[in-house]
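Engineer: Shown below is the structure under consideration.
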Amino acid sequence: MTAKPLSGKELAVAIRADVSARAARLAEAGFPPRLTVVTATEDESSAWYVSSIAKAAAKAGITCDVLDLGPDAGADNIRHTLRELSADPAVHGIIMQTPLPDGVRLDDVAEAIGIEKDVDGANPASLGRLAVGHPSFAPATAEAVIELLDHHAVPLSGSHTAVVGRSAVVGKPLAHLLLNRDATVTVCHSRTRDLPAITERADILVAAVGRAGLITPVHIGKDAVVIDVGTNATDDGLVGDVAPEATEVASALTPVPGGVGPVTTALLLRHTVQAAEQQCT
Ligand SMILES: NC(=O)C1=CN([C@@H]2O[C@H](COP(=O)(O)OP(=O)(O)OC[C@H]3O[C@@H](n4cnc5c(N)ncnc54)[C@H](OP(=O)(O)O)[C@@H]3O)[C@@H](O)[C@H]2O)C=CC1
Ligand SMILES: Nc1nc(=O)c2c([nH]1)NC[C@@H]1CN(c3ccc(C(=O)N[C@@H](CCC(=O)O)C(=O)O)cc3)C=[N+]21
């Protein structure tokens, strides 16, 4: 038996169609939606994502600026830039790309992003609101995992879900989103002892580490659903965190590419038109 592929492509197309219609309505009303991507890194995966956001935004009728502050940008410079963008009425959404320069923490600088423009949910206040179930933007990747599970009718309530990775962009917000959907969540990280003993008992396993091949068949319970968030650039192109042989054990598995990635990009654009609607109408 090989795992059923949980594609994100159809879902991403549907989300982007909705985004295009909403962006056109905003432009007709004189409020063309605008997203600014701030980067301060030379990370390959991040650079790929930035270019895919810009291309998808253009297709959807969203203006997208990329502000590259360079890999040596300091926290003060980044915060100042985010504060200026937050005060600019022509900018509706702001995303601070990770990774950041050494010594700069996302939660430190993202406090400078106005919560109404925090379309990737990086401001700690957004994460706090998400944790208690108040309206806020969740990071697009965390939300993409939930949307994919729903799209493929994977039941969440009562499921035991293991999330491997606890970053502010994926693991932590995703754990809260899953809790809000009545899953029983175990969050694993680099200090977790005997990882397979935990993950092989989960109905749903989410890998968000950034290490190609980390998740192998021993990590996966019989009939488990596996969501691979990992995007690792290798000589053979992009691969996830889940080893290819895992497809013999899992009941369903998201492909990389073609799984979480396209849905992430589409949701970031949906957050941007939603932010523009909230600010302009
Ligand atoms: N497809 C998409 O839309 C997106 C993909 N990504 C990809 O997802 C991956 C994770 O991204 P991100 O969350 O930003 O990465 P981070 O590097 O910020 O976090 C990685 C997490 O993995 C944990 N970890 C590291 N090694 C192990 C291990 N051996 N066992 C268990 N946990 C481990 C770390 O633990 P600790 O906290 O202890 O350090 C940390 O919590 C990357 O490949 C990234 O490119 C990210 C965003 C969107
Ligand atoms: N604040 C912040 N939020 C992020 O969500 C964020 C970030 N920083 N930093 C970098 C990572 C990486 N990331 C990806 C998103 C989509 C694809 C994607 O669409 N991938 C295509 C790959 C296409 C290809 O290369 O063939 C796919 O999976 O089909 C990849 C990587 C978001 N990130």
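Engineer: Where the second residue is surrounded by fewer than 23 Cβ atoms within 10 Å (Cβ to Cβ) and of a type in the set (D, E, K, R) and the first is within 23 Å of Ala3 (Cβ to Cβ) and lies in the stretch 134-152, which pairs have Cβ atoms under 8 Å and are six or more apart or on separate chains?
Structural biologist: Listed pairs, sorted by first residue: Ile146/Arg181; His151/Glu10.
Engineer: Of everything in the stretch 173-184, what is under 18 Å from the mean Cα position of the chain (by Cα) and either over 15 Å from Gly230 (Cα atoms) or acidic (Asp, Glu) (or both)? Give them in sequence order.
Structural biologist: Across the stretch 173-184, the qualifying residues are Pro173, Ala175, His176, Leu177, Leu178, Leu179, Asn180, Arg181.
Engineer: Now for a separate question. Given (1) within 16 Å of ligand 2 (Cβ to nearest atom); (2) not in a helix (DSSP H, G or I); (3) not small (Gly, Ala, Ser), identify the lone condition not met by Leu205.
Structural biologist: Failing condition for Leu205: (1).
Engineer: List, please: which pairs have Cβ atoms under 9 Å, are six or more places apart or on different chains, and start with a residue in the stretch 257-270 that is closer than 17 Å to Val206 by Cβ and end with one that is assigned to a helix (DSSP H, G or I) and among the acidic types (Asp, Glu)?
Structural biologist: Val263/Glu143; Val263/Glu147; Thr264/Glu143; Leu267/Glu143; Leu267/Glu147
Engineer: Let me ask something additional. Do you know which of the residues in the stretch 161-182 that are under 23 Å from Pro124 (Cβ atoms) and small (Gly, Ala, Ser) is farthest from ligand 1 (Cβ to nearest atom)?
Structural biologist: For the stretch 161-182, the residue satisfying everything is Ala175.
Engineer: State which residue pairs qualify: first residue in contact (Cβ under 8 Å) with a residue 60 or more places away in the chain and closer than 12 Å to Ala3 by Cβ and inside the stretch 212-241, second residue away from ligand 2 (no atom under 16 Å from the Cβ) and β-branched (Val, Ile, Thr) in any location, beta carbons under 6 Å apart, and separation of 6 or more residues or different chains.
Structural biologist: Going by the 6 Å Cβ cut-off, the qualifying pairs are Val225/Val154; Val225/Ile204.
Engineer: Do you know which residues across the stretch 235-263 are within 11 Å of ligand 2 (Cβ to nearest atom), surrounded by fewer than 24 Cβ atoms within 10 Å (Cβ to Cβ) and at negative phi?
Structural biologist: Within the stretch 235-263, Leu238, Val239, Pro255, Val256, Pro257, Pro262 qualify.
Engineer: Go through the stretch 1-21 residue by residue and tally those that are at pLDDT 95 or above, more than 16 Å from the chain's Cα centre (by Cα) and surrounded by fewer than 17 Cβ atoms within 10 Å (Cβ to Cβ).
Structural biologist: Number satisfying all stated conditions: 9.
Engineer: Let me ask something else. If Thr161 satisfies all but one of (1) closer than 24 Å to Pro99 by Cβ; (2) touching a helix residue (DSSP H, G or I) at 6+ places or on another chain (Cβ under 6 Å); (3) at pLDDT 95 or above, what's the number of the condition it fails?
Structural biologist: The number of the failed condition is (1).
Engineer: Out of everything in the stretch 90-120 that is in a loop (DSSP other than H, G, I, E, B) and touching a residue at least 60 places away in the same chain (Cβ under 8 Å), what residue ends up being farthest from ligand 2 (Cβ to nearest atom)?
Structural biologist: His92
The values are calculated or read from the model by the stated rules, or taken from the named source; none is laboratory data. Every value quoted in this text rests on a predicted model; they were computed, and no experiment measured them. As a convention, Cβ positions derive from the backbone with ideal geometry for all residues, glycine included, and neighbour counts pool all protein chains shown.
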